[in-house]
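Taking it in order: structure first as structure tokens, then the write-up.
The values are calculated or read from the model by the stated rules, or taken from the named source; none is laboratory data. Everything numeric here is computed off the predicted structure, so don't read it as measured data. Because the Cβ atoms are built from the backbone with ideal geometry, glycine has one as well, and the counts that use them run over all protein chains shown. For accessibility, only protein heavy atoms count, side chains too; no ligands or nucleic acids. Shrake-Rupley method; radii C 1.70, N 1.55, O 1.52, S 1.80 Å.
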Amino acid sequence: MARIVVDPITRIEGHLRIEAVVENGRITEAYSSGTMVRGFEKILKGRDPRDAWAFTERACGVCTTVHALASVRTVEDALGITVPKNAELIRNLMCCAQYVQDHVVHFYHLHALDWVDVVSALSADPAATSQLAQSISRWPKSSPGYFADLQKRLQTFVASGQLGIFANGYWGHPQYKLPAEANLMAVAHYLEALEWQKEIVKVHTIFGGKNPHPNYLVGGVPCSINLDEVNAVNTERLNQVAKLITDAIAFVELVYLPDLLAIAGFYKDWAGIGGGLTNYLAYGEFPTRSYGQPDSFKFPRGAILNRNLNEVHEVNGRDKEEIKEYISHSWYSYKNGDGAGLHPWDGETEFNFTGPKPPFDQLNVEGKYSWLKTPRWREHAMEVGPLARMLVAYAKGVTEVKDIVNDTLGRLNVPVTALFSTLGRTAARGLETKLIAHWMQEFYDELLANVKAGETRTFTEERWDPATWPETCEGVGLTEAPRGALAHWIRIKDKKIDNYQLVVPSTWNASPKDHNGMRSAYEEALLGTPVANVDQPVEILRTIHSFDPCIACAVHLYDPAGRQVHQVKFY
Amino acid sequence: MPDPNATIWQTMQAKGYTRRDFLRFCSFAAGLAGIEATGLARVVHAFENKPRPPVVWLHFQECTCCSESFIRSSHPIVADIVLDKLSLDYTETLQAAAGHQAEKCLHDTITNYAGQYILLVEGSVPMKDDGVYCMIAGRSAEDILLKCAKDAAAVIAWGSCASNGCIQGASPNPTNATPIHKVIDKPVINVPGCPPIADVMTGVVTHILVFGRMPALDGQGRPKEFYGRRVHDTCYRRPYYDAGLFVEAWDDEKARKGYCLYKMGCRGPVTYNACSVTRWNNGVSYPIQSGHGCIGCSENGFWDNGPFYQHLASFPGFGIESTADTIGTVVGVGAAVGVTAHAIVTNIRKRKLISEHMDESVADQQAKGGGR
């Protein structure tokens with residue numbers, strides 16, 4: 001029986017803290033806490049709704065752009081605006097580029113070091129590494145000399161005694177299962193991915209002027225299309241996008257997916273760990289007609305309960321009985337008492353910190369213990385993210401999804417139930433990246449066809465002028481961030497924002513327990529996870545990172561007597 | 001490939017810098033760290049013998065867009081920075097270690113390299129209610145910042161959050177989000193922007209490492225090298241402004257011809273940044289080039305400078321014919337008089353301090369018979 005402290009959880013966005021109990025080498029209870037808050041909802045009150053995308057985009061610079069997309073959809077929903085087809089396609093291209101970049105960065109830079117032992121790569125045979133690499137992919141950078149040079153660079157780096165970002169990792173931990181050659185290959189691709197990821201985001205720069213935080217526009221997109229102008233999206237710009245898409249497909253198919261499958265093959269036991277909740281929620285994404293027609297989405301909208309893939313429930317962001325946020329264990333207060341759940345249109349954001357004042361060693365997990373609220377869908381705790389998206393699509397019979405999932409399960413020789421796990425979550429992310437990279441090509445081709453046919457509009461003027469707005473109106477914008485279901489809700493009154501609420505993927509996954517004591521996804525997924533060495537809980541990082549956390553927290557595990565075996569210290 | 005074992009002195013030698021350049025760099029670092037002249041020898045010794053400069057990168061109230069921007073750097077590429085140029089010892093975004101192992105990285109760096117490490121800060125510090133709005137390892141952001149800044153050789157504020165509070169500092173600033181130069185009593189190089197351009201970020205770091213001196217700063221502590229000109233002055237659409245050709249509505253004929261976005265609310269005329277020169281993501285584009293006006297994200301309090309689609313001329317006291325300095329003053333005063341005044345005064349004081357250290361170093365060398 002022991003308690004483990006992991007604080008801060010690194011390789012995430014934000015500040016996350018989890019306190020949990022380990023008994024007989026397994027986690028028996030866990031508490032997830034977000035320890036940073038900025039108060040966006042308060043700041044947005046009274047602003048021009050057309051500016052909201054710029055504010056909310058700053059909710060995250062990692063999954064940058066998706067909040068802007070949710071925001072413009074929210075305002076357009078409230079005002080009854082349908083954007084031109086080209087704008088929808090350009091938004092799709094930007095969103096797809098975000099997925100591909102974000103998932104690759106997550107796999108190599110935020111997640112891989114939970115599975116890949118960098119130090120072990122030093123003892124690899126470069127010739128054997130080359131053989132391995134060539135056996136799984138025709139990616140050109142795979143010669144013995146290439147890996148030998150990289151290994152030499154690593155050896156010099158390690159010999160310098162300054163390990164930088166690799167210092168104090170869990171190197172040599174018995175839970176690392178890859179052969180040295182696979183480790184060396186993965187480290188090489190860690191560096192290649194670092195280089196490649198800055199290319200694909202140029203799609204954002206071309207259409208939105210910069211990355212992170214490209215520009216959006218209520219009513220369309222800010223860039224104009226004009227084949228006769230140097231100062232607009234012209235042939236050269238479109239060609240650049242085409243090249244970026246081609247390169248993205250190559251990187252995903254020849255590097256990311258082969259690595260994912262190769263690594264997963266050594267960690268099949270993780271297909272039985274970290275499943276957690278049995279309910280999955282997806283809002284759907286990538287309209288092939290328009291946002292207002294969710295039946296046209298590449299990823300369908302829906303909810304799955306109790307892992308029943310034979311039934312997908314309808315999801316409606318406007319129905320006040322469906323999505324509600326609770327604060328029983330969150331540092332907020334509601335006007336009519338903390339027990340109720342509020343639909344986001346009626347949402348309140350009043351800070352009420354009741355935790356220990358810093359510095360502290362542990363939170364009061366019996367009371368409020370997080371800056372995250374706890375959202376529920378028809379009172380159910382739901383997991384959101386790539387796994388939820390793929391499961392909803394799989395259950396709805398989307399052919400592309402069924403094919404790629406079945407093919408992968410076959411290659412790994414694991415049953416469909418393997419999806420409900422830490423490994424399943426990580427694999428789902430890779431598989432959808434491949435689909436999305438190809439969808440990018442489809443959206444691009446359609447954009448080109450439109451332009452060829454003379455359709456170049458990227459913005460609609462209807463309702464841009466606030467004089468055309470109703471006195472009050474409400475809107476909701478549903479989207480899928482790389483990390484899962486994301487939605488914004490707005491109430492506009494007298495041309496200003498009267499109320500604005502965001503319910504983000506990590507609110508679903510990382511939230512504290514609800515009013516019934518029901519756990520959310522992180523806490524539930526940690527239950528039962530084996531921890532081989534309480535001083536080096538790499539297993540916790542594996543499961544938590546499989547969600548791709550986008551918050552600010554850390555993880556603490558305590559024994560039932562309340563004694564900390566592993567004291568968090570600030571030096 | 002550069003030798004990662006090389007000390008700072010060896011690296012500078014290899015690049016053709018003189019002993020004098022090296023000593024100037026040492027005195028700059030010592031000056032920033034607040035080390036007395038008598039302690040300079042210790043710093044010189046360390047930089048002669050210690051390899052890659054250790055770096056601590058802290059995260060407070062932020063969205064990690066600065067880290068994301070940093071890894072988009074094209075020249076130099078970030079892999080070279082991380083493996084060859086710096087020793088990035090603590091960075092929550094990228095480091096392998098977590099929990100107490102990560103905390104140990106931080107502790108070891110600020111202890112073993114006191115006076116030598118570079119402190120990079122991303123995010124603002126919530127000063128309200130004892131800092132309960134941003135806590136890491138059970139500590140408040142303020143507590144961590146004070147400990148880490150104490151012995152830092154140089155402190156850089158990444159992005160608008162650390163430089164001026166950015167979005168969480170926008171009205172009504174619910175957590176009293178505070179820029180770091182108001183929390184620590186030490187000179188801070190402000191690198192604002194939401195986020196700053198990747199190549200500007202690596203440019204600031206390498207300026208210090210390669211040229212051995214800090215970049216010249218403006219009245220708000222920003223490197224003039226990158227923040228010395230208005231976006232408007234170097235904008236490729238400027239000729240249309242001068243010719244009186246403006247976009248009147250989104251995606252109108254004029255927008256499709258790439259006319260000036262001034263009437264659509266563009267803040268280029270009051271924003272100091274390198275966007276229109278360096279451009280974004282390896283020179284691909286910048287906001288105005290891609291059809292949206294500049295929102296002024298590198299300026300103090302830009303979130304509260306009125307709605308983004310409001311024509312600038314309606315700003316009180318603002319006229320486009322004004323000179324750059326007048327505009328800066330008028331908008332600054334109109335937007336947040338207290339904040340701006342404080343920043344300017346603080347930074348003038350710091351500039352004086354830094355400049356004194358530099359002069360001292362030169363005088364010291366001349367006394368020893370060194371010459372340029």
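Could you tell me which of the residues B:PHE47, B:PHE22 is over 27 Å from A:TRP115 (Cβ atoms), part of a helix (DSSP H, G or I), at pLDDT below 75 and touching a Phe, Trp or Tyr at 6+ places or on another chain (Cβ under 8 Å)? Spell out how you get there, then give the answer.
Values: B:PHE22 fails: at pLDDT below 75.
That would be B:PHE47, the only listed residue that is over 27 Å from A:TRP115 (Cβ atoms), part of a helix (DSSP H, G or I), at pLDDT below 75 and touching a Phe, Trp or Tyr at 6+ places or on another chain (Cβ under 8 Å).
Tell me, please, whether a residue that is modelled with pLDDT of 95 or more, among the aliphatic types (A, V, I, L, M), farther than 18 Å from A:ARG378 by Cα and open to solvent by 10 Å² or more (accessible area, probe 1.4 Å) can be found in the range A:469-491. Explain how you work it out, then say what you get.
Initial filter on the range A:469-491 (modelled with pLDDT of 95 or more): A:469-491.
Cutting the leftovers down to among the aliphatic types (A, V, I, L, M) gives us A:476, A:478, A:481, A:485-487, A:490.
From what is left, the residues that are farther than 18 Å from A:ARG378 by Cα are A:481, A:490.
Add one more test, that the residue is open to solvent by 10 Å² or more (accessible area, probe 1.4 Å), and what stays is none.
No.
Just give me the residues in the range A:116-140 being closer than 12 Å to A:GLY169 by Cβ and assigned to a loop (DSSP other than H, G, I, E, B), in sequence order.
Of everything in the range A:116-140, those that are closer than 12 Å to A:GLY169 by Cβ and assigned to a loop (DSSP other than H, G, I, E, B) turn out to be A:VAL116, A:ASP117, A:VAL118.
What number of residues in the range A:120-154 are small (Gly, Ala, Ser) and within 16 Å of A:ALA193 (Cβ to Cβ)? Don't jump to the end; show me each part of the working.
Looking only at the range A:120-154, we keep the residues that are small (Gly, Ala, Ser), and these are A:120-121, A:123-124, A:127-128, A:130, A:133, A:135, A:137, A:142-143, A:145, A:148.
Still in the running and within 16 Å of A:ALA193 (Cβ to Cβ): A:121, A:133, A:137, A:142.
The qualifying residues number 4.
Only helices (runs of 4 or more DSSP H) wholly contained in the range A:29-85 count here; list those with 3 or more residues that are open to solvent by less than 10 Å² (accessible area, probe 1.4 Å), over 20 Å from A:THR349 (Cβ atoms) and touching a residue at least 12 places away in the same chain (Cβ under 8 Å).
Details: elements: A:40-44, A:52-57, A:66-79.
Counting at least 3 such residues, we get A:66-79.
For the range A:220-239, does any single residue satisfy the condition of being away from chain B (no Cβ under 12 Å), touching a residue at least 60 places away in the same chain (Cβ under 8 Å), on the phi < 0 side of the Ramachandran plot and under 22 Å from the mean Cα position of the chain (by Cα)?
As a first pass, look at the range A:220-239 and keep what is away from chain B (no Cβ under 12 Å): A:235, A:238-239.
Next, from what is left, pick out any that are touching a residue at least 60 places away in the same chain (Cβ under 8 Å): A:238.
Checking the rest, the ones that are also on the phi < 0 side of the Ramachandran plot come to A:238.
Subsequent filtering for residues that are under 22 Å from the mean Cα position of the chain (by Cα) retains none.
No, the range A:220-239 contains no residue that is away from chain B (no Cβ under 12 Å), touching a residue at least 60 places away in the same chain (Cβ under 8 Å), on the phi < 0 side of the Ramachandran plot and under 22 Å from the mean Cα position of the chain (by Cα).
Looking only at residues that are at the interface with another protein chain (Cβ under 7 Å from one of its Cβ atoms) and among the polar types (S, T, N, Q) in the range B:94-110, which one is least open to solvent (accessible area, probe 1.4 Å)? So that I can check it myself, show each step before the final result.
Initially, the range B:94-110 is screened for residues at the interface with another protein chain (Cβ under 7 Å from one of its Cβ atoms), giving B:94-107.
Now restrict to residues that are among the polar types (S, T, N, Q): B:95, B:101.
Working: B:GLN95: 1, B:GLN101: 20 Å².
Within the range B:94-110, the match that is least open to solvent (accessible area, probe 1.4 Å) is B:GLN95.
Does the range A:149-161 include one or more residues that are away from chain B (no Cβ under 11 Å) and either touching a His at 6+ places or on another chain (Cβ under 6 Å) or open to solvent by less than 40 Å² (accessible area, probe 1.4 Å) (or both)? Working first, answer last.
The first filter runs over the range A:149-161 and keeps only residues away from chain B (no Cβ under 11 Å), leaving A:151.
Now restrict to residues that are either touching a His at 6+ places or on another chain (Cβ under 6 Å) or open to solvent by less than 40 Å² (accessible area, probe 1.4 Å) (or both): A:151.
Yes: one or more hits.
Given the conditions (1) part of a helix (DSSP H, G or I); (2) at pLDDT 95 or above; (3) among the aliphatic types (A, V, I, L, M), which single one is not true for A:ILE165?
Unmet for A:ILE165, out of (1) part of a helix (DSSP H, G or I); (2) at pLDDT 95 or above; (3) among the aliphatic types (A, V, I, L, M): (2).
Among the residues of the range A:332-358, write down those that are within 14 Å of another protein chain (Cβ to nearest Cβ), more than 20 Å from A:VAL476 (Cβ to Cβ) and out of contact with any Asp or Glu (no Cβ under 7 Å at 6 or more places or on another chain).
A:GLU350, A:PHE351, A:ASN352, A:THR354, A:GLY355, A:PRO356
Identify the residue in the range A:501-542 that is among the polar types (S, T, N, Q) and within 13 Å of another protein chain (Cβ to nearest Cβ) and, among all such residues, is farthest from B:LEU94 (Cα to Cα).
Taking the range A:501-542 first, the residues among the polar types (S, T, N, Q) are A:501, A:506-507, A:509, A:511, A:516, A:520, A:529, A:533, A:536.
With the extra rule that they be within 13 Å of another protein chain (Cβ to nearest Cβ), the set shrinks to A:506, A:533, A:536.
Values: A:SER506: 19, A:ASN533: 23, A:GLN536: 18 Å.
Looking at the filtered set, the residue picked out is A:ASN533.
Across the range A:250-268, what is the total count of residues that are surrounded by 18 or more Cβ atoms within 10 Å (Cβ to Cβ) and either assigned to a helix (DSSP H, G or I) or of a type in the set (Gly, Ala, Ser) (or both)? Give the derivation first.
We begin by selecting, within the range A:250-268, every residue surrounded by 18 or more Cβ atoms within 10 Å (Cβ to Cβ); these are A:251-252, A:255-260, A:262-264, A:267.
Restricting the remaining residues to those that are either assigned to a helix (DSSP H, G or I) or of a type in the set (Gly, Ala, Ser) (or both) gives A:251-252, A:255-260, A:262-264.
Summing the residues that are surrounded by 18 or more Cβ atoms within 10 Å (Cβ to Cβ) and either assigned to a helix (DSSP H, G or I) or of a type in the set (Gly, Ala, Ser) (or both) in the range A:250-268 gives 11.
Could you tell me whether the range A:11-23 includes any residue that is open to solvent by 10 Å² or more (accessible area, probe 1.4 Å), farther than 21 Å from A:ARG425 by Cα and either assigned to a loop (DSSP other than H, G, I, E, B) or in contact (Cβ under 8 Å) with a residue 12 or more places away in the chain (or both)?
The answer is yes; a qualifying residue exists.
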